[in-house]
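Below is one structure, written out as structure tokens; the observations come after it.
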Amino acid sequence: MAKLTVFFKYKAIDSYLFEKGVVHIGREETNDLTIDSLAVAPAHAAIITRDHICTVKQLNENFPLIVNGKKVKECDLNNNDTITIGKHDIVYNTTESIDPEPPQETENFDYSKTNTVMFDMDQELSLPPANLQVLNGANIGKVLPIKKSMTRLGNAGSGVVVISKRKDAYYISALEKKGTLKINELDLEDSNIKLSNNDIIVINQTSLQFFLS
């Protein structure tokens with residue numbers, strides 16, 4: 001499965017999950033991924049996934065296709081590659097068997113500090129896998145799978161949140177209310193809030209999107 005996140009001026013505006021096959025990208029509404037911009041061709045590019053290999057192809061020679069800053073007609077995609085189409089960027093991520101290393105350059109935000117609490121019901125959990133995608137900063141586009149029963153994000157002294165995996169859903173709450181802690185522009189409090197697909201979480205200067213695989 002592949003996740004494509006569309007950015008405009010470094011702000012995420014939409015995201016899509018696709019199984020194997022062909023994903024058509026362009027301005028016309030008949031495309032699988034539509035970008036409403038005159039800088040985008042009616043049929044601009046196609047992403048083809050076969051046998052764990054993902055390839056992007058240019059469909060219109062008058063509209064350039066750029067991958068990681070270089071013009072291409074066709075190339076294989078790797079996790080976290082950036083596809084530029086017109087004025088929009090599309091970050092490509094694989095959501096299968098990905099366990100990115102913790103970011104090293106984002107200040108005051110430590111993804112590596114996690115606590116695990118073992119619940120008796122863990123073996124019974126049937127929730128779909130959940131992930132967080134970084135939406136800004138040096139690590140923009142990175143996908144962080146949520147694998148623990150309880151995951152702590154942030155730094156002591158500057159704000160800490162906890163995401164808990166329960167029997168019915170994923171929940172988030174503020175463990176240490178310092179700095180900026182928000183969910184969908186609302187202040188995050190001590191009480192547990194049920195997370196929904198594509199919720200936006202802000203921890204100080206870092207924005208993340210929660211999504212289910």
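Worth a mention:
- Filtering segment 149-178 to residues that are open to solvent by 70 Å² or more (accessible area, probe 1.4 Å) and either in contact with a Gly (Cβ under 6 Å, 6 or more places away or on another chain) or not charged (D, E, K, R) (or both) leaves 156, 175, 178.
- Residue list for segment 71-87, restricted to those being in a strand (DSSP E or B) and closer than 20 Å to residue 138 by Cβ: 82, 83, 84
- Restricting segment 179-190 to residues that are open to solvent by 60 Å² or more (accessible area, probe 1.4 Å) and under 19 Å from the mean Cα position of the chain (by Cα), the residue that is modelled with the lowest pLDDT: 185
- Residue 208 vs. criteria open to solvent by 60 Å² or more (accessible area, probe 1.4 Å) and assigned to a strand (DSSP E or B): no
- From 76, 89, 122, residue being among the charged types (D, E, K, R), at pLDDT 90 or above and exposed (fewer than 14 other Cβ atoms within 10 Å of the Cβ): 76
- Residue list for segment 191-205, restricted to those being open to solvent by 70 Å² or more (accessible area, probe 1.4 Å) and touching a strand residue (DSSP E or B) at 6+ places or on another chain (Cβ under 6 Å): 192, 194, 197
The values are calculated or read from the model by the stated rules, or taken from the named source; none is laboratory data. These numbers come from a predicted model, not from an experiment. Heads up, the Cβs are rebuilt from the backbone with ideal geometry, glycines too, and the neighbour counts pull from every protein chain shown. Areas reflect the complete protein model, heavy atoms only, side chains present, ligands, DNA and RNA absent. Shrake-Rupley method; radii C 1.70, N 1.55, O 1.52, S 1.80 Å.
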